[in-house]
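Asks: Here it is, the structure in full.
The values are calculated or read from the model by the stated rules, or taken from the named source; none is laboratory data. If you're wondering where the values come from, they're calculated on a predicted model, not measured in any experiment. Cβ sites come from the backbone with ideal geometry, for glycine too, and all protein chains shown count toward neighbours.
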Amino acid sequence: MDWKPDVPRWRQVYEILEARILDGTYAPGAQLPGVLALNAEFGIAQMTARRVLTELRDAGLAQMQPGVGTFVTELPKP
């Protein structure tokens, strides 16, 4: 992946996942990739992957279920 040097990596991965959620690649109710999957796909640290998932939750795009995973929330209709 070509990283933008002036943008934190967590933010870049966040924006990729956000776009996938908004374009329907990950539909409401779909499970998002976990920490290890994000680590493998993007080559980011596990702590960075956790931050991405937490930021998605904080933005209302995902909900975390401890011990189960992180899932896309139902998005409001435009």
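Asks: Look at Glu15 and say whether it is within 11 Å of the chain's Cα centre (by Cα), of a type in the set (Asp, Glu), buried (at least 16 other Cβ atoms within 10 Å of the Cβ) and modelled with pLDDT of 95 or more. Let's see the steps before the verdict.
Replies: Numbers: within 11 Å of the chain's Cα centre (by Cα): yes; of a type in the set (Asp, Glu): yes; buried (at least 16 other Cβ atoms within 10 Å of the Cβ): no; modelled with pLDDT of 95 or more: yes.
Taking the combined requirement at face value, the residue does not satisfy it.
Asks: Let me ask you something else. Starting from the stretch 16-30, take each residue that is basic (Lys, Arg) and list its partners that are surrounded by 11 or more Cβ atoms within 10 Å (Cβ to Cβ) and modelled with pLDDT of 95 or more, counting only C-beta distances under 6 angstrom and pairs at least six apart or across chains.
Replies: Hits for this filter: Arg20/Tyr26.
Asks: Is it true that Gly60 is touching a Phe, Trp or Tyr at 6+ places or on another chain (Cβ under 9 Å), modelled with pLDDT of 95 or more and on the phi > 0 side of the Ramachandran plot?
Replies: Values: touching a Phe, Trp or Tyr at 6+ places or on another chain (Cβ under 9 Å): no; modelled with pLDDT of 95 or more: yes; on the phi > 0 side of the Ramachandran plot: yes.
Against the criterion (touching a Phe, Trp or Tyr at 6+ places or on another chain (Cβ under 9 Å), modelled with pLDDT of 95 or more and on the phi > 0 side of the Ramachandran plot), Gly60 does not qualify.
Asks: Kindly provide the set of residues from the stretch 48-63 that are basic (Lys, Arg) and touching a helix residue (DSSP H, G or I) at 6+ places or on another chain (Cβ under 9 Å), ordered by number. Break it down into steps so the answer makes sense when it comes.
Replies: As a first pass, look at the stretch 48-63 and keep what is basic (Lys, Arg): 50-51, 57.
Those that are basic (Lys, Arg) and touching a helix residue (DSSP H, G or I) at 6+ places or on another chain (Cβ under 9 Å): Arg50, Arg51.
Asks: Return the pair list, or none, for Cβ contacts closer than 9 Å from residues in the stretch 59-78 that are more than 14 Å from Arg20 (Cα to Cα) and surrounded by fewer than 14 Cβ atoms within 10 Å (Cβ to Cβ) to residues that are at pLDDT below 95 and not aliphatic (A, V, I, L, M), at least 6 apart or on different chains.
Replies: Short answer, once both residue conditions are applied: Gly60/Pro76.
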